[in-house]
Amino acid sequence: MDDLNALADEHLTAARASAHGRSAHRLLHEEPLRQTVIALTSGSALDEHNAPAAASLQVLRGRVRLTAASGDVELSAGGLQPIPQERHGLLALEDSVVLLTAVND
């Protein structure tokens, strides 16, 4: 079993060292379910992309903004949000680590 706190520390350190300000680790990949830890430095973003069949975003550290045409949502550590079924993006408002849980078709 993976330790989410240790992974958050590891990938936040890697994101800070990365020119793109991000680092990710696929934690679980058992079709159709997958979970990914994603670290982003303040101001870094995941550009707009399509949504999987079903997904949620849990903030482990920091504060992020989930952006979508239907409206933006700000989340801080401990926050959990379903991802809208539309194109969306993610912006780190401060150094952050999130857990993306997704179900693919």
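Where a number appears in this text, it was derived from the coordinates with a stated rule and is not lab data. This one's a predicted model, so the numbers in the text were calculated from it and none came from an experiment. All Cβ positions, glycine included, derive from the backbone under ideal geometry; neighbour counts span all protein chains shown.
Tabulated results
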read-out	value
Stokes-Einstein D for region 17-57, Kirkwood Rh over Cα pairs, 25 °C, 0.890 mPa s (µm²/s)	206
Summed residue charge, Cβ within 13 Å of LEU4's Cβ, Lys/Arg positive, Asp/Glu negative	-3
Per residue Cα convex hull volume in Å³ - calculated over region 43-105	67
Convex hull of the chain built on C-alpha atoms - directionally averaged projected area, nm²	6.1
Label-zone membership for region 68-105, site ALA14, 7 angstrom Cα→C-beta point, backbone N under 16 Å	96-100
Estimated 222 nm signal from helices in the chain, with DSSP H stretches of n ≥ 4 weighted -39500 (n - 2.57), rounded to 500	-4500 deg cm²/dmol
Cut-off 14 Å between beta-carbons: net charge of the residues surrounding SER23, Lys and Arg +1, Asp and Glu -1	+1
GLU94 paired with ALA53, simple spin-label distance in nm, labels 7 Å along Cα-to-beta-carbon	3.7
